[in-house]
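Here's the structure, in structure tokens; my notes come after.
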């Protein structure tokens, strides 16, 4: 029996002896425990109080007629007002502060608001300590390391003067509005006819501030107050140290599972986690995998919750003028239930299609990229028009009401604007339980925790209502940007959700210390994560704090001792955490590694009589490890990796995954990766004939051949099934836009050269440049609309890029093809034989003046094929690129004899020679002659035959020459799934 239990057992009706615990969690736990300790069915709720409840009940400030205590939001509003006043006076050379806010940063003083608001409650204690140290020696109360002379010198320092100025303005504000600062007044203790046992006062952060009053009350009235201090911590308490934090969490989960299987109620088990913010996702996941439902008893900031984050996302959306990033973050937030989820999805899709990345400033005003995109009306089909109208309707509604909310100049107007925004854009609360619930649940934007989302949103609205109420009384301190102040309040306001209490309780470290659980696991007890220090006067330098008695208090050992009072406590830590290497807490001397993944627990020893602190300790029970075979997750891993036996039992999560996998695995048999379909699927045959046959001939293009001989399975996925990766990151300008525009400009330029000059003449370069500019203007006026609003906005820069590309082609022709006749531009060639229908689009064909040479030119904006892609076909056994062979073949069938073939990289201003008869000066670059190229053409014809046969037989099996590296880097790897890495082996 512990000391606390012994004390509670002494209580008798009418329950005038009350107990004060460090936290509400601990108080509620002991209140429930008191029923069994006293052997009664009911006890008054006031029997066990938290420290905060005790302070509200028993401490009263000095009489303050017609004055009310100031609230935390009002402190922040005052801090905002004083920062603004300092900025105005600093502009006139009369700054209020020269140390707290340096004059150089006076105009950006908003960053100091939170800090100044935290200082305000401490100014009373600061001034009392400064004044006591400035007294003559005979009157001095406490000196520490300052003598009076040093203290008086400090009182004249810039820092002290600024703090005095801040306190004076704050006092003036309090008097003017009939307010008072509770922390400045000396509280008075009122027992209200009860006696109190204050349990473990060392754990209470502000106990030192109330200690003098409590001690005086204890001396004045015997027995009214009893203090039960934390017992000394036994350093031989075992601490199990794991190699990494994942192993630690797994071991704890296995131990909890074992306790539950042996009949221990889940309500008698608790887990406290140091640094819960970092470990929470991993702890919850581990327990859920083992069918143990965790309940995290921790609060969070309203602004950090995904539902509460809506307000900061609205601000970013409005003030960034609708960047695609802000729109996606807002509309894809699954915790926001939009009234029109289809409209929200349409806006995101439309923004991706039109590349509505960000707005731009023009003539001093912003051009909203979305409004520009809607105004272009670039939709062609009826479906596209409906999609654009749906997106435009939702976006304009959202923009209108979001602007009214974010740009409201007062909290009262914000409150009205939010009501309008909620009615227009959000799903009404009544719809959550209406017939629309099924549609919402199936939506991609549905929330998985609607109840908590509603509670968070309701609390956010309450915060806004409180600010509006403050504004009605203190209108002169409303900040110039009330919406940002509201968002900052949400970021600071803590919210603790109400839990059902049916799952495994998981607490942040410190909260449940001394709670009466039968089994208490304390995780991550490293020196860094479990050290606790209470600091006071943190706004002062360390030396000033120490001199004035603002000393830090290390209560790490007290918390460890409080945890150790549990009936069975398990302490554990790990060497390697997610944030790096860490060391065990320094107060443990008995640190040992795990034994077969076990945790050792310390059982409490029967304590001394009630009211007297005693050591806890005694026998250290060893809890046997969960048998290896009972860890179904590890058994499943070993089954796949090492061929171990099938687990005898599975967790529910494993069963669900296996059922889902079984439903997705097709029946054993045909696989496109290794087998031929051979007309076994009539729909597939129909698709192939519709897309890849011209009458009875197989359609053959260089694009088909390039992809097919890279991997037949990839060709099947892309060209037959239309599988394509979904891009969620559009570029400012799609590189394909530059490629298409430059091709069209070159086509129009050389068509005009062919019509007016017939041949290219370097002497006419200035005329060609003029024609180029005219062609660029025509192309942008015709095509920029469909390319998106940013292309039209950046047309000047893009025109210069295209001009630069065309200039390279003109210079190439002037140096090597001067006087050559332009035969064709962007000409489509076709040829049909008994088996195949060949097709290709040639960028340009030019003929020499003597008609003895014919050149094929292809413009590229991406990577250029290498000459070895053609000449190494015999070594590789296949061609790596089919473009030039296809063009040569089509032109030969059309009656042309190709003697030169070039690739022109218009973006990098480079070129590659593939075929050349030597009659054109190519400098250091060399290609192959037409005779040598015949081997390439023979391989080309063989490849066409292989491709045609595969399409007719519907065989798209993965070729044996496709390497693992090629598979791993293929964009279809997640679909094809033929390459894996298991522990370093492929």
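So which of 518, 490 ends up being surrounded by 18 or more Cβ atoms within 10 Å (Cβ to Cβ) and modelled with pLDDT of 85 or more? None of the other options fit; the residue is 490.
Considering each of 609, 645 in turn, give the residue that is modelled with pLDDT of 80 or more, more than 30 Å from residue 967 (Cα to Cα), loosely packed, with under 13 Cβ neighbours inside 10 Å and not assigned by TED's automatic domain parsing to the domain that holds residue 711. Of the residues listed, the single one that is modelled with pLDDT of 80 or more, more than 30 Å from residue 967 (Cα to Cα), loosely packed, with under 13 Cβ neighbours inside 10 Å and not assigned by TED's automatic domain parsing to the domain that holds residue 711 is 645.
Highlighted here are the helices (runs of 4 or more DSSP H) found entirely within region 8-111 that include at least 2 residues which are closer than 25 Å to residue 181 by Cβ, outside the structural domain of residue 191 (by TED's automatic domain parsing) and over 37 Å from the mean Cα position of the chain (by Cα): 72-91. The condition of being within 20 Å of residue 276 (Cα to Cα) and either part of a helix (DSSP H, G or I) or at pLDDT below 95 (or both) holds for only one of 463, 498, that being 498.
From the set of residues in region 523-533 that are in a strand (DSSP E or B) and touching a helix residue (DSSP H, G or I) at 6+ places or on another chain (Cβ under 8 Å), which is surrounded by the fewest Cβ atoms within 10 Å (Cβ to Cβ)? Taking the candidates together, the pick is 533.
Scanning region 870-919 for residues that are over 18 Å from residue 702 (Cβ atoms), within 44 Å of the chain's Cα centre (by Cα) and in a loop (DSSP other than H, G, I, E, B) yields 906, 907, 908, 909. Looking at region 291-307 only, could you name the residues that are within 20 Å of residue 464 (Cα to Cα), outside any loop (DSSP other than H, G, I, E, B) and out of contact with any helix residue (DSSP H, G or I) (no Cβ under 6 Å at 6 or more places or on another chain)? Answer for region 291-307, where residues must be within 20 Å of residue 464 (Cα to Cα), outside any loop (DSSP other than H, G, I, E, B) and out of contact with any helix residue (DSSP H, G or I) (no Cβ under 6 Å at 6 or more places or on another chain): 300, 304.
If the condition is being outside any helix (DSSP H, G or I), more than 20 Å from residue 874 (Cβ to Cβ) and modelled with pLDDT of 90 or more, then region 920-956 contributes 954, 955, 956.
Residues in region 787-815 that are within 23 Å of residue 733 (Cβ to Cβ), part of a helix (DSSP H, G or I) and out of contact with any helix residue (DSSP H, G or I) (no Cβ under 8 Å at 6 or more places or on another chain): 796, 797, 800, 804, 808. Screening 328, 285, 309, 261 for residues that are farther than 30 Å from residue 529 by Cα and under 22 Å from the mean Cα position of the chain (by Cα) leaves exactly one candidate, 328.
Each residue in region 816-869 was checked for being in a helix (DSSP H, G or I) and over 47 Å from the mean Cα position of the chain (by Cα), and 1 pass.
Could you tell me whether residue 133 is modelled with pLDDT under 90 and surrounded by 14 or more Cβ atoms within 10 Å (Cβ to Cβ)? The answer is yes for residue 133.
Going residue by residue through region 14-23, is there one that turns out to be out of contact with any helix residue (DSSP H, G or I) (no Cβ under 9 Å at 6 or more places or on another chain) and at pLDDT below 95? So far as region 14-23 goes, yes, one or more of its residues are out of contact with any helix residue (DSSP H, G or I) (no Cβ under 9 Å at 6 or more places or on another chain) and at pLDDT below 95.
Please verify whether residue 191 is touching a helix residue (DSSP H, G or I) at 6+ places or on another chain (Cβ under 8 Å) and assigned by TED's automatic domain parsing to the domain that holds residue 285, treating the condition exactly as stated. Criteria not met by residue 191. For region 169-200, the tally of residues that are free of Cβ contacts under 8 Å to residues at least 60 places away in the same chain and under 30 Å from residue 559 (Cβ atoms) stands at 0.
So that you can scan it fast, the table gives a plain yes or no per residue for (1) in a loop (DSSP other than H, G, I, E, B); (2) in contact (Cβ under 8 Å) with a residue 40 or more places away in the chain; (3) within 30 Å of residue 806 (Cβ to Cβ); (4) over 41 Å from the mean Cα position of the chain (by Cα):
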residue	(1), (2), (3), (4)
674	yes, yes, no, no
690	no, no, no, yes
699	no, yes, no, yes
703	no, no, yes, no
709	no, yes, no, no
722	yes, no, no, no
730	yes, yes, yes, no
737	no, yes, yes, no
748	no, no, yes, yes
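The criterion of at least 1 residues that are farther than 20 Å from residue 312 by Cα and at pLDDT below 95 is met, among helices (runs of 4 or more DSSP H) falling completely within region 326-437, by 341-354, 369-376, 382-406. Each residue in region 791-811 was checked for being in contact with a strand residue (DSSP E or B) (Cβ under 8 Å, 6 or more places away or on another chain) and either in the same structural domain as residue 361 (by TED's automatic domain parsing) or more than 14 Å from residue 742 (Cα to Cα) (or both), and 1 pass. The helices (runs of 4 or more DSSP H) falling completely within region 206-290 that include 3 or more residues that are at pLDDT 90 or above and within 21 Å of residue 507 (Cα to Cα) map to 245-261, 276-289.
If the condition is being within 20 Å of residue 961 (Cβ to Cβ) and touching a helix residue (DSSP H, G or I) at 6+ places or on another chain (Cβ under 7 Å), then region 696-710 contributes 702, 704, 705, 707, 708, 709.
The values are calculated or read from the model by the stated rules, or taken from the named source; none is laboratory data. Nothing here was measured: the structure is a model prediction, and the numbers come from that model. All Cβ positions, glycine included, derive from the backbone under ideal geometry; neighbour counts span all protein chains shown.
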